[in-house]
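Okay, so here's the structure we're looking at.
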Amino acid sequence: MATINPRLSVTVTPRVDAVLTRFATATGQSKSATVGGILDESYDMLAKMVKVIEAARAAQSNMPQQVIQPFKDAHSHLEQQLGLVLADVHHTADDLLRDVEQIERRTRKAARTSTRRGAASGRERNAPPLSNRGGKPIREKQAGRTKSLKGKAKVAS
């Protein structure tokens, strides 16, 4: 069955693929739909950039530098605006992620507190941990000498 929308094949880096996969999973869309939506939302900006680039190329071959400069300035301005929009997205996302991390820290802290309380209730509070058997190390080094467990001092070699 033919489709109205053209299909594209796009190659991306592994890190872009990873973030697209996470984004698609989080939104419940396919990666294709995610990329298509992002490009669709950027349509107006992309169309203006194409016009500016096409005009700049045409002007480059046909017009003097004085006429070309306004197109270059417009292109730079559009790139700057894109950067501001992306910075705003980063700022908003950072705030959201910071809030989520605080909630996760509180949840982990509450879980640790309840675990500690639950572990202490089954035995005395001052009792040593179950893994402590009171064993001594086989040898202790003291000022160049080695002391065995039987108490005999030997010169360390």
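The values are calculated or read from the model by the stated rules, or taken from the named source; none is laboratory data. All values derive from a computational prediction rather than experimental measurement. Positions of Cβ are backbone-derived with ideal geometry, glycine not excepted, and every protein chain shown enters the neighbour counts.
Computed values, structure above
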item: Unmet requirement for Ser61, which otherwise passes all of (1) at pLDDT 60 or above; (2) surrounded by 10 or more Cβ atoms within 10 Å (Cβ to Cβ); result: (2)
item: Neighbours by Cβ (under 9 Å, 6+ apart or cross-chain): first from segment 41-52, part of a helix (DSSP H, G or I); second small (Gly, Ala, Ser); result: Lys48/Ala74; Val52/Ala74
item: Enumeration of residues in segment 16-60 that are within 19 Å of the chain's Cα centre (by Cα), among the charged types (D, E, K, R) and farther than 23 Å from Val85 by Cα; result: none
